[in-house]
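First the structure, in the form of structure tokens, and then the observations on it.
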Amino acid sequence: MTRRDLILIVLAAAKGRPYQPVQLQKVVFLITRNVPDIIDKGPGFTFAAYDYGPFDAAVYWEAEALRDSGEAIITLSPSGRWKTYAASEFGITRGVEFLNRLPESVRDYIYAISAWALSQSFGSIVRSIYDAYPDMKENSIFNG
């Protein structure tokens with residue numbers, strides 16, 4: 001699977017619910033950290049400790065490529081302060097096809113981590129990542 005495929009399955013796992021940027025970044029980080037061989041074609045993600053924990057701009061690049069192919073929907077949040085990321089109907093269909101090819105334990109993990117992230121506030125998800133991965137707190141500007 002490529003990193004673009006991974007973004008697609010993460011978006012599809014949310015079943016059309018939009019991710020906030022922090023949620024998308026942290027879900028992809030957790031999957032790549034805890035299922036390290038999931039990306040087996042092309043470059044992987046290289047998360048670095050940043051202002052609010054693990055960050056890789058390639059997450060957004062791949063989401064934008066999925067938007068360009070009709071598999072993702074990127075819109076401004078209601079406040080207009082950030083973008084949200086969701087799978088289109090076409091993206092959900094394709095992403096679920098990829099998900100169904102994964103071992104059941106990996107598929108269940110992706111669905112569970114997606115549901116968890118979507119239920120978290122900005123502060124809660126950042127604190128949780130810092131608690132579990134203190135190395136990702138380096139360079140943080142988060143005081144919550």
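Check residue 63 against each of (1) surrounded by fewer than 19 Cβ atoms within 10 Å (Cβ to Cβ); (2) within 19 Å of residue 15 (Cα to Cα) and name the one condition it does not meet.
Checking residue 63 against (1) surrounded by fewer than 19 Cβ atoms within 10 Å (Cβ to Cβ); (2) within 19 Å of residue 15 (Cα to Cα), the one that fails is (1).
Among 63, 49, which is aliphatic (A, V, I, L, M), more than 15 Å from residue 96 (Cα to Cα) and modelled with pLDDT under 95?
Values: 63 fails: modelled with pLDDT under 95.
The unique qualifying residue is 49.
Confirm whether residue 88 is closer than 23 Å to residue 18 by Cβ and either under 14 Å from the mean Cα position of the chain (by Cα) or modelled with pLDDT under 95 (or both).
On the way: closer than 23 Å to residue 18 by Cβ: yes; either under 14 Å from the mean Cα position of the chain (by Cα) or modelled with pLDDT under 95 (or both): no.
No; evaluated as a whole, the condition is false for this residue.
Please specify each residue of segment 51-70 satisfying the condition of being in a loop (DSSP other than H, G, I, E, B) and either closer than 17 Å to residue 27 by Cβ or among the small types (Gly, Ala, Ser) (or both). If you could, list the steps in order and put the result at the bottom.
Step one: of segment 51-70, the residues in a loop (DSSP other than H, G, I, E, B) are 51-52, 56-57, 69-70.
Matches in segment 51-70: 52, 56, 57, 69, 70.
In this structure, is residue 135 more than 18 Å from residue 8 (Cβ to Cβ), charged (D, E, K, R) and exposed (fewer than 14 other Cβ atoms within 10 Å of the Cβ)?
Details: more than 18 Å from residue 8 (Cβ to Cβ): yes; charged (D, E, K, R): yes; exposed (fewer than 14 other Cβ atoms within 10 Å of the Cβ): yes.
Taking the combined requirement at face value, the residue satisfies it.
Identify the residue in segment 1-48 that is closer than 14 Å to residue 60 by Cα and β-branched (Val, Ile, Thr) and, among all such residues, is surrounded by the fewest Cβ atoms within 10 Å (Cβ to Cβ).
The residue in question is 46.
Which residues, counting only those in segment 83-139, are over 19 Å from residue 36 (Cα atoms) and of a type in the set (D, E, K, R)?
Answer for segment 83-139, where residues must be over 19 Å from residue 36 (Cα atoms) and of a type in the set (D, E, K, R): 83, 89, 94, 97, 127, 131, 137, 138.
The values are calculated or read from the model by the stated rules, or taken from the named source; none is laboratory data. For clarity, every value in this text was computed on a predicted model and none was experimentally measured. Here the Cβ is made from the backbone with ideal geometry for all residues, glycine too, and neighbour counts use every protein chain on show.
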